[in-house]
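Written out below as structure tokens is the structure these notes cover.
The values are calculated or read from the model by the stated rules, or taken from the named source; none is laboratory data. Computed from a predicted model, the values in this text were never measured in an experiment. No Cβ is skipped: glycine too gets one built from the backbone with ideal geometry, and neighbour counts run over all protein chains shown.
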Amino acid sequence: MARLTADDVACWVLKTAAPPEALLPGWGAGEERLLTRCLRPSYRLGLLAPGRPCLLWLSGRQRPGVHAVGTLADHVDDAPGGPSVAVRVRLLDEPVPRAELLTDPAFAGAEVVRMPAGSNPSWLSAGQYAAVLARAGRNRLGSWRA
């Protein structure tokens with residue numbers, strides 16, 4: 001694919017190897033929290049803007065998939081220790097498993113699937129993001145709205 005543009009991105013994907021309960025102890029289903037995620041320096045950081053949709057993707061063998069949805073809460077912080085971004089995310093009532101998402105042809109080609117060891121941020125196209133939201137449904141999203 002050619003260089004990514006803001007128009008290509010319907011949703012940013014921020015990955016974690018630690019489960020949500022380890023990132024923010026006491027974080028309960030349906031609760032919205034502010035979370036900071038480390039980013040890899042690249043041209044993509046210039047595409048991130050407050051208010052844009054994002055999701056938290058748990059990588060690895062234990063419960064991989066979408067665990068939280070929300071928005072970028074601020075601009076990228078280019079601190080000396082490396083860039084990061086604050087996100088405001090709501091923990092889903094139930095995660096959307098990677099295996100379930102892979103059954104959707106629209107999602108199967110997502111970067112997070114093709115390059116599971118890739119760095120933050122990753123992204124979803126409009127069709128891929130729609131597949132996540134369709135599978136999340138009201139029973140997982142709770143009161144969160146896309």
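Of all the listed residues (18, 2, 49), the sole one being more than 15 Å from the chain's Cα centre (by Cα), of a type in the set (A, V, I, L, M) and over 18 Å from residue 130 (Cα atoms) is 2. Applying the condition of being part of a strand (DSSP E or B) and among the small types (Gly, Ala, Ser) to segment 74-100 and asking which residue is farthest from residue 55 (Cα to Cα) yields 79.
Considering every residue within segment 103-125, establish whether at least one is assigned to a helix (DSSP H, G or I), in contact (Cβ under 8 Å) with a residue 24 or more places away in the chain and either small (Gly, Ala, Ser) or crowded, with 17+ Cβ neighbours inside 10 Å (or both).
Going through segment 103-125, the residues assigned to a helix (DSSP H, G or I) turn out to be 111-114.
Filter once more, keeping what is in contact (Cβ under 8 Å) with a residue 24 or more places away in the chain: 111-112.
Still in the running and either small (Gly, Ala, Ser) or crowded, with 17+ Cβ neighbours inside 10 Å (or both): 111-112.
Yes, because at least one residue in segment 103-125 is assigned to a helix (DSSP H, G or I), in contact (Cβ under 8 Å) with a residue 24 or more places away in the chain and either small (Gly, Ala, Ser) or crowded, with 17+ Cβ neighbours inside 10 Å (or both).
The condition of being free of Cβ contacts under 8 Å to residues at least 40 places away in the same chain, surrounded by 12 or more Cβ atoms within 10 Å (Cβ to Cβ) and in contact with an Asp or Glu (Cβ under 7 Å, 6 or more places away or on another chain) holds for only one of 97, 50, that being 50. Of all residues in segment 128-146, exactly one satisfies the criterion of being modelled with pLDDT under 70 and closer than 18 Å to residue 104 by Cα, namely 140. As for segment 34-56, it holds at least one residue that is touching a Lys or Arg at 6+ places or on another chain (Cβ under 9 Å), closer than 15 Å to residue 124 by Cβ, of a type in the set (A, V, I, L, M) and modelled with pLDDT of 95 or more. Within segment 104-127, being closer than 23 Å to residue 19 by Cβ and of a type in the set (S, T, N, Q) holds for 119, 120, 122.
Quick test for you: out of 22, 17, 6, pick the one residue that is without any contact (Cβ under 8 Å) to a residue 60 or more places away in the chain, aliphatic (A, V, I, L, M), touching a Gly at 6+ places or on another chain (Cβ under 6 Å) and exposed (fewer than 15 other Cβ atoms within 10 Å of the Cβ).
17
Those strands (runs of 3 or more DSSP E) of segment 1-59 in which at least 1 residues are aromatic (Phe, Trp, Tyr), considering only elements entirely within it, cover 11-16, 53-58. For segment 78-96, a residue qualifies if it is under 13 Å from the mean Cα position of the chain (by Cα) and over 14 Å from residue 40 (Cβ atoms), and the qualifying residues are 86, 87, 88, 89, 90, 91, 92, 95, 96. Of everything in segment 68-77 that is surrounded by fewer than 24 Cβ atoms within 10 Å (Cβ to Cβ) and not small (Gly, Ala, Ser), the residue that is farthest from residue 42 (Cα to Cα) is 71.
A single member of 74, 78 is of a type in the set (Asp, Glu), modelled with pLDDT of 95 or more and over 20 Å from residue 126 (Cα atoms), and it is 74.
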